[in-house]
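The structure appears right after this line, and notes come after that.
The values are calculated or read from the model by the stated rules, or taken from the named source; none is laboratory data. Owing to the predicted nature of the structure, the values given are computational and were not obtained by experimental measurement. Here the Cβ positions follow ideal geometry from the backbone for every residue, glycine too, while neighbour counts run over all protein chains shown.
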Amino acid sequence: MPAPPPAAAPVPAAPLVGGFSPVRRGAPELGPVVKAAVAHLTPARHARARLLMAERQVVAGSHYRLLLKLRDGSVWRVMVWQRLDRSLQITEAVRTLS
(Lines give C-alpha, C1' and ligand atoms only; values in the text may rest on other atoms or scores of the structure.)
Protein backbone atom coordinates (compact mmCIF):
# COMPACT_ATOMS: atom_id res chain seq x y z
CA MET A 1 0.00 0.00 0.00
CA PRO A 2 1.51 3.39 -0.97
CA ALA A 3 2.30 5.93 1.73
CA PRO A 4 -0.14 8.81 2.08
CA PRO A 5 0.95 12.10 0.51
CA PRO A 6 2.69 14.53 2.90
CA ALA A 7 0.41 17.06 4.56
CA ALA A 8 0.48 20.49 2.97
CA ALA A 9 1.85 23.30 5.09
CA PRO A 10 -0.86 25.69 6.30
CA VAL A 11 -1.18 28.80 4.20
CA PRO A 12 -0.97 31.98 6.29
CA ALA A 13 -4.03 34.18 6.10
CA ALA A 14 -3.59 37.22 3.91
CA PRO A 15 -4.00 40.54 5.73
CA LEU A 16 -7.37 42.16 5.30
CA VAL A 17 -7.06 44.92 2.72
CA GLY A 18 -7.49 48.21 4.55
CA GLY A 19 -7.36 46.45 7.93
CA PHE A 20 -4.81 46.52 10.72
CA SER A 21 -1.84 44.13 10.70
CA PRO A 22 0.45 43.35 13.64
CA VAL A 23 3.81 45.11 13.83
CA ARG A 24 6.71 43.43 15.62
CA ARG A 25 7.45 45.31 18.86
CA GLY A 26 11.12 45.77 18.01
CA ALA A 27 10.46 47.12 14.50
CA PRO A 28 12.57 50.26 13.84
CA GLU A 29 9.58 52.09 12.34
CA LEU A 30 7.90 52.12 15.76
CA GLY A 31 10.57 54.20 17.52
CA PRO A 32 9.35 57.67 16.53
CA VAL A 33 5.69 56.61 16.68
CA VAL A 34 5.95 55.33 20.27
CA LYS A 35 8.02 58.35 21.30
CA ALA A 36 5.34 60.73 19.97
CA ALA A 37 2.58 58.75 21.73
CA VAL A 38 4.39 58.74 25.09
CA ALA A 39 5.17 62.47 24.82
CA HIS A 40 1.47 63.11 24.21
CA LEU A 41 0.45 61.10 27.30
CA THR A 42 2.91 62.41 29.86
CA PRO A 43 4.78 65.69 30.28
CA ALA A 44 7.84 64.06 31.87
CA ARG A 45 10.90 64.83 29.81
CA HIS A 46 12.30 61.30 29.84
CA ALA A 47 9.04 59.39 30.25
CA ARG A 48 9.08 55.72 29.41
CA ALA A 49 6.35 53.27 28.59
CA ARG A 50 6.12 49.59 27.80
CA LEU A 51 4.74 48.78 24.38
CA LEU A 52 2.23 45.96 24.79
CA MET A 53 0.90 45.78 21.22
CA ALA A 54 1.30 47.55 17.89
CA GLU A 55 -0.69 47.33 14.67
CA ARG A 56 -0.50 49.25 11.41
CA GLN A 57 -3.07 50.18 8.81
CA VAL A 58 -1.80 51.49 5.48
CA VAL A 59 -3.79 54.53 4.35
CA ALA A 60 -2.51 57.87 3.01
CA GLY A 61 0.52 57.17 5.17
CA SER A 62 0.00 54.76 8.07
CA HIS A 63 -2.23 54.53 11.12
CA TYR A 64 -0.61 52.91 14.12
CA ARG A 65 -2.73 51.48 16.91
CA LEU A 66 -0.62 51.11 20.05
CA LEU A 67 -1.28 49.73 23.50
CA LEU A 68 1.08 51.35 26.02
CA LYS A 69 1.58 50.81 29.75
CA LEU A 70 2.99 53.84 31.57
CA ARG A 71 5.13 53.75 34.72
CA ASP A 72 2.10 54.60 36.87
CA GLY A 73 0.48 51.35 35.69
CA SER A 74 -2.11 53.00 33.46
CA VAL A 75 -2.74 51.40 30.07
CA TRP A 76 -3.54 53.54 27.02
CA ARG A 77 -4.74 52.83 23.49
CA VAL A 78 -3.20 55.44 21.22
CA MET A 79 -3.76 56.00 17.50
CA VAL A 80 -0.97 57.76 15.64
CA TRP A 81 -1.23 58.84 12.02
CA GLN A 82 2.06 58.99 10.15
CA ARG A 83 1.52 61.12 7.08
CA LEU A 84 3.30 60.51 3.81
CA ASP A 85 5.81 63.25 4.73
CA ARG A 86 6.62 61.17 7.92
CA SER A 87 5.10 63.78 10.27
CA LEU A 88 3.08 62.34 13.15
CA GLN A 89 -0.30 63.25 14.58
CA ILE A 90 -1.99 61.69 17.61
CA THR A 91 -5.59 61.07 16.58
CA GLU A 92 -6.82 59.25 19.69
CA ALA A 93 -5.63 58.52 23.23
CA VAL A 94 -7.95 56.51 25.48
CA ARG A 95 -7.15 55.12 28.91
CA THR A 96 -8.23 51.48 29.16
CA LEU A 97 -8.82 49.29 32.16
CA SER A 98 -5.56 47.83 33.37
Task: Subset tally (residues that are closer than 15 Å to Val94 by Cβ and either buried (at least 16 other Cβ atoms within 10 Å of the Cβ) or touching a residue at least 60 places away in the same chain (Cβ under 8 Å) (or both)) for the range 50-66 - done: 4
- [ ] Could you tell me which residue of the range 31-49 is surrounded by the most Cβ atoms within 10 Å (Cβ to Cβ), considering only residues that are within 16 Å of Asp85 (Cα to Cα) and of a type in the set (A, V, I, L, M, F, W, C)?
- [x] Val33
Task: Which listed residue, of Arg45, Arg50, Arg25, is within 25 Å of Thr96 (Cα to Cα), outside any helix (DSSP H, G or I) and modelled with pLDDT of 90 or more - done: Arg50
- [ ] Pull up the range 81-98, narrow it to residues that are surrounded by fewer than 11 Cβ atoms within 10 Å (Cβ to Cβ), in contact with a strand residue (DSSP E or B) (Cβ under 7 Å, 6 or more places away or on another chain) and outside any strand (DSSP E or B), then point me to the one that is modelled with the lowest pLDDT.
- [x] Ser98
